[in-house]
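One structure is given below, encoded as structure tokens.
We did not get these values from a lab; they are worked out from the coordinates using the rules stated. Just so we're clear, the structure is a prediction, and the values are computed from it rather than from any experiment. Note that we place each Cβ from the backbone using ideal geometry, even for glycine, and neighbour counts take in every protein chain shown.
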Amino acid sequence: MNKWIVWSLTLLWILPVAFSAEAVGRKRKKVPEKATVEPSKYDKLFKGKKYETARGGFVTVHRVDGKVYLEYPLKFMGRELLLAATSTASSDNSVCTNGYKENTPMHIRFTLEDSTVQMRKVNAVVATKSAGERIDRIMEQNFSDPVIAQYKVLAYSPDSLAVVFDMTGIFLDEEAALSPVPKGSGLMEVTKSLTKDLSSIREVKAFEDNMSVKSQLVYKYSITYDKARVVTDQPLTVLATRSLLLLPERKMTPRVSDRRIGVFLTSKSYISDEGVPTERYSYANRWWVEPSDEEAYRRGELTEPVKPIVFYVDTLFPEAWKQPIREGILRWNQAFEKIGFKNVMQVRDFPKDDPSFDPDNLKYSCVRYVPTGVANAMGPSWVDPTTGEILNASVLVYNNVIQMLRNWRFVQTAQIDPLVSKELPETLLNESLTYVIAHEIGHCLGLMHNMSASASYPVDSLRSASFTAKYGTTPSIMDYARFNYVAQPGDRGVKLTPPDLGVYDEFVINWLYRPVYGVSTIWEEAKVLETWVDEMVSDPMLRYGRQQIAGRYDPTALEEDLGDDAMKAGNYGIQNLKYILSHLDEWIADDPEVTARRSLYVQMVNQYYRYIRNVIYNIGGIYLSDAKESLSPERFRPVEREKQKAAVVWTLQQLRDCEWLDNQVLLKKFPLGIMSSPVVVEAVGKQLMAASRRVALAASLSDEPYSMEEYFDDLYCGIWDSALENRKLTTGDMILQRLLLDQLNEQMRKVGGNRLGITGDDAEELFRELYAPSALDAECYGLDELLLTRFGTGGYGWQRPLDVTNLDESATYYYRMVLRIRDLLESKMKSFDAEDLPHYEAMLFAMKQMLGKQAQTK
């Protein structure tokens, strides 16, 4: 039977019955309307509102009428998290560096207390070596996680497995630690005020183990430099990305650091259960690199890591830069392969069609393009504070880095490589940019600067083709040893660049990342690692020298130097500068405004200053070491007397004879300005004369000291050489003599009172001026604000300035020098050249004024 016929007959039978039943029901009573169900608290959060929801495996995020509601699973309460802020876009990238996290990510966890969610800062500094009820109670009572914010529970999720709370404020800049705007650094201070009615939440995202919120933040900002307001109430709009990352419960085994290895650190202190004092130590910052096949690895086979280190490269880079960037990243695979790993470092472009990818999310490590006029690059990283595991790293490459490379190559190698006299050709650009990226990736892998590396090479070895082919200019690309300024025009086949990776760099990767088997605790592992370092201490190429900023004592741990003898290297470098300067005007063509030649000329003057300054650091210098007592009992050793004495003589000779800097052919084409030689003489002369306190300290520590008396005698003989030898005055002579006169006048003015000395109310300022770098040093040695604020506290720090007031007897020698100069000028006045006589008469008049005598000449 046709199914439609059956259905028709059935309906004819059912429908009358149904209608009849309905009629009966109407007659009996009226059916009440269905009761209204009250919406839950959860539903009320969204009812009648415009909202957007992002769900991930970690949390659910809601954007509701401009607010951010976090739906946080109860199972993740108490789990450790990192909360970070990144600038994604801004109206002024000179204030906000897009792609950079201005503040260290917050290490937090959420706890549920009745109807309140509390945000707690994880106390990760204090740890214990053992477990037990006593230690647990000590930690609970003394080192608990402090509450830093709390949020009212608005509702439970429909399945009661999560709570919902309002976190809008933290994404609208209520938390200073999550601000995308820097506070400033050094002498610069940035202040800002948020315009709340113009700021808003723009986007929410959620993924497997993290979530992010993008906010548009509108500010007015001001900048103060050295207490002077330089920018006032300027508008600034920033698109900020805040990301919340769930840290894994399975933690990387930390690696205890060794002071003789230059790595970034995570500081710790531990409480013993044996009644011994609290001790401080630190973990080395490193990625979690473990073999995917441990048995194959232990058999000596190259093994893939469980989790590779992946860097994503910004698509905004100029196309010509992309391959050198890739090569700079992948270069570190050479070091990993030597310890049994392959394909650890991997490179990918920013994905085009992956909605989960966000370069500003804490989940991704990226190489970012920063289109500002800064001539630099940087490579910061961020870690799990409990273990030192690096979780995220960035390389920021500023637009003018190419200009920096061109300047370096020109002033340091144009004498031997004429290709750099024009725009850098592709081969040299790639070579130089790859080096910069590899250096920054080294930071991202945990390596700090090693400023003593280049001092291990004999200077003349840098003129050897075979030596430089094997070793480059330095044992570590983490040094600031740029290009081979020692090589002379006739040297053939000499390598002009640092190595791909130095032997020191490979040693540190081995120490950081090679697994240690057969140990049960991190302390047993530390003993094994210690023997690795013990074995290398006799090799000068593997020496680590901390970067010196606050106190610059060690002349073998400097930036921008080459070789083991600053005077010999300086002589070679100065010969090259003279050669380059003599050809600068002919080499640089197509420069109608002379801007390129003037810029390169300024770089050459700076380079000359560095050569001299490298030598001056030997005067009163002290070699520093972190060697173990059993292997080398000396932690410090003054620079040899002969070397200090030679450094004074060498420096004075340079200052008397630096008028070659004033190339008249070039200077006449530049805008009106002061000649360079007087500027250099004044800057260096002041530093030379201020070295007396350094000499006093070094002399007090030496068995064969370069004494204060000898130092002042060398100053006297060098500065007054023109009068002693009856030769014609140079410009340098006159400037040095005037500088010395000013110094003597200042010191004589301070003689008297309670004590014969130079100490005044500004003693602290004097110490700072003596040991800290000058403004010119900061510029010429790369000690900029980025370095000071972002790399200054990550390692073992540096030698701090010492108060040497009680050792300083310089006032006595200043007084004696005044007498000597007076007697010299009085005895020689009739023999001076007629053109020089007015200068000497003025000097003698000043000396007599200082001594309180009647101002007259014989």
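So the values come out like this:
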{"quantity": "Burial ordering of C366, C444, fewest other beta-carbon atoms within 10 Å first", "calculated": "C366, C444"}
{"quantity": "Separation of the K578 and E140 label points, Cα + 7 Å toward Cβ, nm", "calculated": "7.8 nm"}
{"quantity": "Spherically averaged projected area of region 471-585 from its Cα convex hull (nm²)", "calculated": "10.4 nm²"}
{"quantity": "Shape metrics for region 389-543, restricted to C-alpha atoms - Rg then Dmax, Å", "calculated": "17.9, 59"}
{"quantity": "Within region 229-324, GluC sites (Glu not before Pro) in DSSP loop having at most 16 other beta-carbon neighbours inside 10 Å", "calculated": "E249, E274, E301"}
{"quantity": "Estimated FRET transfer efficiency (E52, T111; beta-carbon r; R0 22 Å; 0.05)", "calculated": "0.20"}
{"quantity": "Integer Hz, Karplus 6.51/-1.76/1.60 couplings in order for region 397-404, x for Gly and Pro", "calculated": "10, 7, 4, 7, 4, 5, 5, 4"}
{"quantity": "Candidate lysines for bridging to K121, where Cα separation is under 17 Å - those fewer than 8 sequence places away on the same chain excluded", "calculated": "K268"}
{"quantity": "Where N is the number of residues in the chain, Cα Rg divided by 2.2 N^0.38 Å", "calculated": "1.21"}
{"quantity": "C-alpha center-to-center spacing [region 594-631, region 213-277] in angstrom", "calculated": "31 Å"}
{"quantity": "Region 42-249 shape via C-alpha gyration tensor axes, a/c threshold 1.5", "calculated": "oblate"}
{"quantity": "Net length gained if the chain between V594 and T812 were fully extended (0.36 nm per residue, minus Cα distance)", "calculated": "73.4 nm"}
{"quantity": "Which of T731, W332, L688, positive extreme of dipole for the chain (C-beta unit charges)", "calculated": "W332"}
{"quantity": "Protection proxy ranking, peptides 731-742, 424-435, average beta carbon neighbours within 10 Å, highest first", "calculated": "731-742, 424-435"}
{"quantity": "Full-stretch length increase - Q346, K470 - with 0.36 nm per residue and alpha-carbon distance subtracted", "calculated": "42.0 nm"}
{"quantity": "20 Å Cα-Cα reach of K196 towards lysines, excluding residues that sit fewer than 8 places from it in its own chain", "calculated": "K67, K183, K214, K220"}
{"quantity": "Rounded FRET efficiency, nearest 0.05, which uses the C-beta distance separating R492 from M829 and R0 of 51 Å", "calculated": "0.40"}
{"quantity": "Gyration tensor verdict on region 590-652 (Cα atoms; rounded if a/c is under 1.5, prolate if a/b is larger than b/c, oblate otherwise)", "calculated": "oblate"}
{"quantity": "Length added when fully stretched, S91-D233, from 0.36 nm per residue minus Cα-Cα", "calculated": "49.7 nm"}
{"quantity": "Amide H partners (placed H, <5 Å) of D554, local residues excluded", "calculated": "I622"}
